[in-house]
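Shown next, in structure tokens, is the structure this report addresses.
The values are calculated or read from the model by the stated rules, or taken from the named source; none is laboratory data. What you see is a predicted model; the values in this text were computed from it and never measured. All Cβ positions, even for glycine, are placed from backbone atoms using ideal geometry, and neighbour counts span all protein chains on display. With ligands, DNA and RNA removed, areas are computed over all heavy atoms of the protein, side chains included. Shrake-Rupley method; radii C 1.70, N 1.55, O 1.52, S 1.80 Å.
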Amino acid sequence: MDSLHTTELDGILPLVCKGKVRDIYQVDDETLLFVATDRVSAYDVIMENGISSKGKILTRISEFWFEFLSSSIPNHLVLSNNDDEHLFARLPAKLSEPKYKQQISGRSLLVRKLKLIPLEVIVRGYITGSAWKEYKNKKTVHGLSIDQDDLQESQEFTKPIFTPSTKAEQGEHDENISPEKAAEIVGQELCDKLEAKAIELYSKAKEYAKSRGIIIADTKFEFGLDKDNNIVLVDEVLTPDSSRFWNAANYQIGKSQDSYDKQFLRDWLTANGLAGKFGVAMDENIIVKSKEKYIEAYESLTGEKWSE
């Protein structure tokens, strides 16, 4: 099956923006249509080809977590992709034509239009990636002192830590910042609320995922504010694109871990001297193996068999 690299709705709905993965359209003054394409990005560069059905898989994973976390925080969903009949009833009739419907169906979310908070709200439960590199050099993570002696790679923190970053425009790099800097951007009160809520959500999801054989090493949340300035969970949630998922059965402290996320692709890019370069197309075996990982994550977390 061909991958959907970009949507073409021919101006039927105004295009708000194209992110690394999602194409976002305005339905009306209060509602947006999120369409998860099959685009893949690594090192902040979008690959020339995609992974078929990736957008559908990520959408279903996000829907699962939105429901799982709904008792802890409101989210931006109006209608999910599991309700195609009502979704297309809310959209212009022309989008029900086959050429458009096949782009939207199974990979779209109708969501509330909210004021986005300009932070990547990252929570780390285990030390890995850039945090591990910084710790090896400075014994800090995002400039924070860690109240644990002689941490090893992939070791769990005593408590999850809040390590925010800036939310960069497409093609630019997110910048790791301290919680103090985050407070300067959004205000101390809101920053404190984001930290507490993100750690609560991560902790709840981490414990559930462990019961399904997956370790969530870290994750990135995004939040918005509604008209009453309540914090709302938005974007994608706890997917292999926004998180590091490890296979709990193979977990060993002191080494890098088998991962469900894009580390497989990153390793291939690095080994071939392609990291951060534009115009790169993935080999077919990379596409196949990556899709297998996305499906494995979906099935492990939801307990459901993947079907197109």
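A few remarks follow.
- For region 270-291, the candidate set comprises residues that are touching a Phe, Trp or Tyr at 6+ places or on another chain (Cβ under 7 Å) and aliphatic (A, V, I, L, M); within that set, the residue that is nearest to Leu58 (Cα to Cα) is Ile286.
- Pairs linking a residue in region 214-234 that is at positive phi to a residue that is open to solvent by 10 Å² or more (accessible area, probe 1.4 Å) and among the polar types (S, T, N, Q), with Cβ atoms under 9 Å and 6 or more positions apart or on different chains, do not occur.
- Some residue of region 23-31 being open to solvent by less than 50 Å² (accessible area, probe 1.4 Å) and assigned to a loop (DSSP other than H, G, I, E, B): no
- Cross-chain or 6+ apart pairs with Cβ under 8 Å, region 146-157 first and free of Cβ contacts under 8 Å to residues at least 60 places away in the same chain, then surrounded by fewer than 12 Cβ atoms within 10 Å (Cβ to Cβ) and not aromatic (Phe, Trp, Tyr): Asp147/Thr158; Gln148/Thr158
- Within region 239-257, residues that are touching a residue at least 60 places away in the same chain (Cβ under 8 Å) reach no partner that is hydrophobic (A, V, I, L, M, F, W, C) and part of a loop (DSSP other than H, G, I, E, B) with beta carbons closer than 6 Å at six or more positions or on different chains.
- Meets criteria (of a type outside the set (Phe, Trp, Tyr) and either over 27 Å from Lys289 (Cβ atoms) or in contact with a Gly (Cβ under 7 Å, 6 or more places away or on another chain) (or both)) for Lys20: no
- Pick from region 12-33, criterion of a type outside the set (D, E, K, R) and at pLDDT below 95, ranking: farthest from the chain's Cα centre (by Cα): Cys17
- Being modelled with pLDDT under 95 and either outside the structural domain of Glu67 (by the TED database) or more than 21 Å from Pro240 (Cα to Cα) (or both) holds for only one residue in Glu180, Glu184, Glu195, and it is Glu180.
- Considering the conditions (1) β-branched (Val, Ile, Thr); (2) in a strand (DSSP E or B); (3) more than 20 Å from Lys113 (Cβ to Cβ), Val16 is excluded by exactly one of them, (3).
- In region 32-60, the residues that are in a strand (DSSP E or B) and of a type in the set (Ser, Thr, Tyr): Ser41
- Any chance Gln152 is under 23 Å from Lys255 (Cβ atoms), out of contact with any strand residue (DSSP E or B) (no Cβ under 9 Å at 6 or more places or on another chain) and not assigned by the TED database to the domain that holds Ser71: yes
- Condition check for Glu195: surrounded by 18 or more Cβ atoms within 10 Å (Cβ to Cβ) and either touching a residue at least 12 places away in the same chain (Cβ under 8 Å) or in a helix (DSSP H, G or I) (or both): yes
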